[in-house]
Amino acid sequence: MHVTRQPGRSYLQLPGPTNVPAEVLAALAAPTLDHRGERFAAIVQSVLTDLAPLLGTRPGQVALYASSGTGGWEAALANSIAPGATVLAPVAGFFSSRWAKLAERLGYEVLAPECDWRRAVSADVIADALASDTSGEVAAVLVVHNETSTAVTTDIKAIRAALDRLGHPALLFVDAVSSAATRPVCHDEWGVDVTVTASQKGFMLPPGLAIMAVSEKAIAAGWAAGVVAGYWDWAPVLAAVESGSFPSTPASNMIVALRVALDRIWDEGPGAVFARHARHARAAQAAAEAWGLEQVATNPPERSVALTALLLPDGANELSLRRYLEATYDLTLGGGLGQLTGRCLRVGHLGDLDDLTLIAVLAGLEMGLPAAGLAVERGGVEAAMAQLDTRTPTPLTLAPPCDSAPTL
Ligand code: PLP
């Protein structure tokens, strides 16, 4: 298919993959290094050192794989629990449902209580499901931190507290694919056993790296269960913190580019990065309110800082709207997934994003919605600009960061 190139820039505002900054792209294009050489080893070790605090853990607990986030999901399961074991995977969106289905395909017994897709996963759902499990059959609980299909963020601390209240020994696996590097992720402090994320969202890289944090408890559980994880075996991957090299050929250009992306995050300061995401989310949400469009996430404190999911009124054609925005403004937004297919527009505002780009994206929407036949109120851009006015800094609504994560 021939795609006509438009003048000006492209606006890739999916909730991942996100825009890749020019210097990160340049790093990807640098000559490939010897992946067993000293130069690459030093880069790996410094990447692990600077990555770990963004996941709320120590460098020796971080594993990198050449894979997308789905590989991280599989790695979590394959390394720590034996097929046939039971996992609890509440379904509150497309991605939590995909994780549950993956576990099923891998031979696990999956308890998948269906939750409200417009709300965070409630700690009560976990408590109810585990209360009768007095023999500790459930080996792991799988929760998505930021459900990218609905723009709802779940309070992982509350889930941990529910497990602790019951004294249940299940491992806690958290999908932080679209939350890491947009808000605090506190692997150690929240008592998470496996945190899974990926390169193509908050970390501003193309797809291709799965990033994980792993607890001692998860490693010990894998030993006890006698699992054989093959490619995903995390023991030799975690050893990269000492050796700087991997058991198989790593995605070395991606790791070199991750070094550059981490430089950007640490130069801006993780606290400032989180505050920027929160600010942009407030601006996008203010625009939605002014347009009179409902958001998928019904409870404001649970709304994502990484993206805003707009619920389209009955009769709106999501696909033709997205096609119109792409053809007219070279603006690419995410569509609805799973039960929200055809009913939702997802505006990514994570990764490398500045105020003016966000305003341009919202302006594209404000012009595009009526042009595509959706009668919305004007004033969304105005409302967003008011939120972004640097003379009146908006207070942060984020929960306090974890002790082990960089402070806001
Ligand atoms: N989990 C979440 C929350 C996601 O948003 C995604 C992808 O968008 C995934 C998991 C799957 O990751 P990947 O597509 O990188 O395999």
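Quick note: the coordinates plus some simple rules give every number you see, no bench work behind them. Source: prediction; values computed, not measured. Glycine also receives a Cβ, built like all others from the backbone with ideal geometry; neighbour counts cover every protein chain displayed.
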- Item | Approximate spin-label separation Glu104-Arg323, in nm, with each point projected 7 Å along Cα-to-Cβ | 3.2 nm
- Query: Of all DSSP beta bridges located in the stretch 161-247, what percent are antiparallel, nearest 5?
  - Reply: 55 percent
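By DSSP, what percent of the beta bridges with both residues in the stretch 141-208 are antiparallel, rounded to the nearest 5? If you can, show how the numbers build up before the last one.
Numbers: 2 of 10 bridges.
Beta bridges within the stretch 141-208, antiparallel portion: roughly 20 percent.
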- Note on the structure: Each label sits 7 Å from Cα toward the beta-carbon; between Gln339 and Arg165 the label points are separated, in nm, by 2.4 nm
- Measure off 7 Å from each Cα along the Cα-to-Cβ vector at Glu216 and Arg39, then give the distance between these two points in nanometres to one decimal. 3.8 nm
- Message: To check you understand DSSP bridge types, tell me what percent of the beta bridges within the chain (both residues inside) are antiparallel, rounded to 5.
- Response: 50 percent
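Quick one: if the Förster radius is 22 Å, what FRET efficiency do Arg378 and Asp314 give, using the C-beta to C-beta distance and rounding to 0.05?
The pair Arg378/Asp314 has a calculated efficiency of 0.50.
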- Query: Where the centre of each part is set by its Cα atoms, how far does the stretch 227-286 sit from the stretch 116-146, in angstrom?
  - Reply: 27 Å
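Between Asp128 and Val228, what is 0.36 nm times their sequence separation minus the Cα-Cα distance? Round to one decimal in nm.
That works out to 32.8 nm of additional length.
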- Taking the Cα centre of each part, how many Å lie between the stretch 33-63 and the stretch 67-105? 26 Å
- The residues Glu366, Glu294, sorted from fewest to most surrounding Cβ atoms within 10 Å, come out as Glu294, Glu366
- Task: Note the full-extension length gain between Asn299 and Thr32 as 0.36 nm times their separation in residues minus their Cα-Cα distance, in nm to one decimal.
- Result: 91.4 nm
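Taking the Cα centre of the stretch 258-376 as origin, work out the dipole magnitude from +1 charges on Lys and Arg Cβ and -1 charges on Asp and Glu Cβ, in debye rounded to 20.
Working: 10 positive and 14 negative charges, 40 e Å.
It comes to approximately 200 debye.
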- Task: Report the one residue of Ala52, Ile126, Gln200 whose Cα lies farthest in the direction of the positive end of the charge dipole of the chain (charges on C-beta: Lys and Arg +1, Asp and Glu -1; origin at the Cα centre).
- Result: Gln200
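Mind sorting Thr134, Thr57, Thr182 by how few other Cβ atoms lie within 10 Å of their own Cβ, fewest first?
With the fewest neighbours first, Thr134, Thr57, Thr182 line up as Thr134, Thr57, Thr182.
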- Message: At 0.36 nm per residue, and after removing the present C-alpha to C-alpha distance, how many nm does the segment from Trp266 to Gln6 gain when stretched out fully?
- Response: 90.2 nm
- Query: With +1 on each Lys and Arg Cβ and -1 on each Asp and Glu Cβ, how big is the dipole of the chain about its Cα centre, in debye rounded to the nearest 20?
  - Reply: 620 debye
- Going by how many other Cβ atoms sit within 10 Å of their own, how do Leu333, Leu311 line up, fewest first? Leu311, Leu333
- For the stretch 370-381, Karplus couplings with θ = phi - 60° (6.51, -1.76, 1.60), whole Hz, Gly/Pro x: x, 5, 8, x, 9, 6, 10, 5, 7, x, x, 5
- Task: Would you mind classifying the stretch 310-354 by shape? Square roots of the alpha carbon gyration tensor eigenvalues, ordered a ≥ b ≥ c; an a/c under 1.5 is rounded, otherwise it is prolate if a/b is larger than b/c and oblate if not.
- Result: oblate
- Item | Amide hydrogen neighbours beyond the local backbone of Thr86, cut-off 5 Å, H modeled | Glu109, Ala139
- Sequence order, the stretch 337-352: Karplus ³J(HN,Hα) from phi using 6.51 cos²θ - 1.76 cosθ + 1.60, θ = phi - 60°, Hz rounded, Gly and Pro as x, gives 10, x, 5, 9, 4, x, 10, 8, 10, 10, 9, x, 9, 10, x, 8
- Task: Would you work out if the stretch 318-395 is rounded, prolate or oblate? Take a ≥ b ≥ c from the square roots of the eigenvalues of the alpha-carbon gyration tensor; rounded if a/c is under 1.5, else prolate when a/b is larger than b/c, oblate otherwise.
- Result: prolate
